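The values are calculated or read from the model by the stated rules, or taken from the named source; none is laboratory data. Because the structure is predicted, anything quoted here is derived from the model rather than measured. FYI the Cβ positions are ideal-geometry reconstructions off the backbone, even for glycines, and counts take in every protein chain you see. To get the accessible areas, we keep the full protein, side chains included, count just its heavy atoms, and leave off ligands, DNA and RNA. Shrake-Rupley method; radii C 1.70, N 1.55, O 1.52, S 1.80 Å.
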Amino acid sequence: MQAKIVLLPGDGIGPEVIDAAARVLDHVAARRGHQLTLDSHPIGGAALRMGEPPLPDATRVACVAADAVLLGAVGGPEFDHGPSEKRPEAALLQLRKELGVFANLRPARVWPGLEDGGSIKPEILRGLDMLIVRELTGGLYYGEPRGRTANNQAAFNTMRYSRPEIERIAVVAFESARQRRNLVTSVDKANVLVTSRLWREVVTEVGERYPDVRLEHQLVDSCALLMVSNPQKFDVVVAGNLFGDILSDEAGGVVGSLGLLPSASVGGRGGLFEPVHGSAPDIAGQNIANPVAAIASAAMLLRHALGAAREADAIERAIGETLAAGARTADLQAGTGEPLSCTGMTDAILQRLDGIEI
Ligand code: NAD
């Protein structure tokens, strides 16, 4: 296999965790004889510091031409007060649109051995394994009109979804459920919102094409409650942009550290893969960030953008075995033993990977 992968390390801990993920990609490529070209480009604050816009044109062109993009994180306190087009985060919204990646996949699972680490009782967490499918390029975040009234006394956004937008994200959810436990929970606020009534109608229609997959509808408020009281009930959860944004962070909080959560944005060209966490300026440059989210994002890249499921499975197994053997970075530390550094955790995962057949 030959593939061009663009790396966008970005800001804060981004370069540290992307370096870890790149080492793992290089390792599997060497083992399997794949030719993966990994090219780094600036984005976010790193680009702004070079006098470029948050998404420089050369970076945009490279991303569009690549088979897949692996992003670290963007943002930092020094950019918090600039105009919105000069904010590092502007690059993310622009890149998602450029690549047409309308489906954000966020798996949330509890790794064996980490059931005791969170704020939820271990018996509620044990075996938790869900996939949140969030619509990423429509809904309230992009709807027009938006703005302020002329007298500046009110502001407004528009929540809008078309049938084709709902249909394509529902298809992603049902197809994903077929690879898992055949259950889709569709989230809406159909008791109040007209947009949600169309959402429910279209998801139900798509569901009729998947008789082997069970479909449940859940109002977003009760879904938020179930995420903490009975999260094991979920398999695939599909939601619009706003509800999916909030619920996926909640699910992340339930399973523990942000440093464990990968994501994939797919459906358009190639795909954009990134850890859920941000640039973590409080720990940047200290080599103590947890690289698992970025490494697991690289596994998703192999599976979803390059069709390399065996390699992806092997990486996820190596992560699971490393954590089960007790390896912990500082964010996972339960108070005993010396935590591993970012590179130390990466070394431990690579060592496990060495012993796994790919
Ligand atoms: P954050 O995710 O960067 O950090 C939240 C907390 O989690 C911090 O205490 C941090 O140290 C910890 N943390 C995060 N990732 C970790 C890891 N891999 N290992 C260990 N600990 C980790 O969120 P924030 O502090 O709200 O935001 C910081 C900056 O990141 C802001 O500028 C924000 O806009 C940006 N941000 C970017 C993205 C993105 O690039 N996709 C996402 C969220 C936030």
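Points to keep in mind about this one:
- Test: residue 47 is among the aliphatic types (A, V, I, L, M), within 15 Å of the ligand (Cβ to nearest atom) and either assigned to a helix (DSSP H, G or I) or under 18 Å from residue 269 (Cα atoms) (or both): yes
- Within segment 241-252, the set of residues being in contact (Cβ under 8 Å) with a residue 40 or more places away in the chain and either under 11 Å from the mean Cα position of the chain (by Cα) or open to solvent by 10 Å² or more (accessible area, probe 1.4 Å) (or both) comprises 242, 243, 245, 248, 252.
- Top-ranked residue of segment 282-299 - restricted to ones that are out of contact with any Asp or Glu (no Cβ under 8 Å at 6 or more places or on another chain) and near the ligand (Cβ under 6 Å from one of its atoms), ranked as nearest to residue 316 (Cα to Cα): 293
- Residue, farthest from the ligand (Cβ to nearest atom), within segment 301-316, restricted to residues that are touching a helix residue (DSSP H, G or I) at 6+ places or on another chain (Cβ under 7 Å) and more than 18 Å from residue 350 (Cβ to Cβ): 309
- Residue 249 passes every criterion in (1) assigned by TED's automatic domain parsing to the domain that holds residue 27; (2) within 11 Å of the ligand (Cβ to nearest atom) apart from (1).
- Scan of segment 83-100 for residues that are within 11 Å of the ligand (Cβ to nearest atom) and either basic (Lys, Arg) or open to solvent by 60 Å² or more (accessible area, probe 1.4 Å) (or both), ordered by number: 87, 89, 93, 96
- Among the residues making up segment 14-24, those that are within 15 Å of the ligand (Cβ to nearest atom) and open to solvent by 10 Å² or more (accessible area, probe 1.4 Å) are 15, 16, 19.
- Filtering segment 257-280 to residues that are part of a loop (DSSP other than H, G, I, E, B) and away from the ligand (no atom under 11 Å from the Cβ) leaves 267, 268, 269, 270, 271.
- Cβ pairs under 8 Å, 6+ apart, first in segment 58-82 and at positive phi and within 16 Å of the ligand (Cβ to nearest atom), second among the charged types (D, E, K, R) and open to solvent by 10 Å² or more (accessible area, probe 1.4 Å): 75/87; 75/89
- Which listed residue, of 212, 235, is surrounded by 16 or more Cβ atoms within 10 Å (Cβ to Cβ), over 30 Å from residue 3 (Cα atoms) and either among the polar types (S, T, N, Q) or touching a Lys or Arg at 6+ places or on another chain (Cβ under 9 Å) (or both): 235
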